[in-house]
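The values are calculated or read from the model by the stated rules, or taken from the named source; none is laboratory data. Just so we're clear, the structure is a prediction, and the values are computed from it rather than from any experiment. All Cβ positions, even for glycine, are placed from backbone atoms using ideal geometry, and neighbour counts span all protein chains on display. What goes into the accessible areas is simple: the full protein's heavy atoms, side chains included, and nothing from ligands, DNA or RNA. Shrake-Rupley method; radii C 1.70, N 1.55, O 1.52, S 1.80 Å.
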Amino acid sequence: QVQLVESGGGLVQAGGSLRLSCAASGRTWSSYTMGWFRQAPGKEREFVAAIGLSAASTYYADSVKGRFTISRDNAKNTVYLQMNSLSPEDTAVYYCAASAGWGKRQTYDYHYWGQGTQVTVSS
């Protein structure tokens, strides 16, 4: 079992930055690919970014590439999402998730989920 708890969401103006954190627990959490997803009101949950076991490999949705950076600190049991140049289109609930596979972008490939943290970007 892996437990995930997100934090760091909030209200920010367009062009601003936020850093989300995902605290993980469970014996094997570091063996999972960790991802971030988001869900805006009335929309499906969508993939944002993911990072591999060693933190050397990452991949992103085209919509956030160059603005968002995912990282992980296995010693601190934490995954981060640094979000820069935020726009109102980034407003959503952001979820941390864990997958046993690599290269996965679909929600059904992620086995463990956090409760989400709200990010609101004002124009």
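Tabulated data for the structure shown
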| item | result |
| --- | --- |
| About the Cα centre, charge dipole magnitude for the chain (Lys/Arg +1, Asp/Glu -1 at Cβ), debye | 200 debye |
| Accessible surface of the chain [probe 1.4 Å, protein heavy atoms]: carbon and sulfur percent | 46 percent |
| Protection proxy ranking of 3-9, 77-83 - average other beta-carbon atoms within 10 Å, highest first | 77-83, 3-9 |
| Cα Rg, Dmax (largest Cα-Cα span) when computed across the chain, Å | 13.2, 42 |
| Per residue accessible area of region 1-73, 1.4 Å probe, in Å² | 51 Å² |
| Net charge, Ala50 excluded, C-beta distance under 11 Å - Lys, Arg +1, Asp, Glu -1 | +2 |
| ³J(HN,Hα) computed for each position of region 72-81 - Karplus, 6.51 cos²θ - 1.76 cosθ + 1.60, integer Hz, glycine/proline x | 9, 10, 5, 5, 9, 6, 9, 10, 10, 9 |
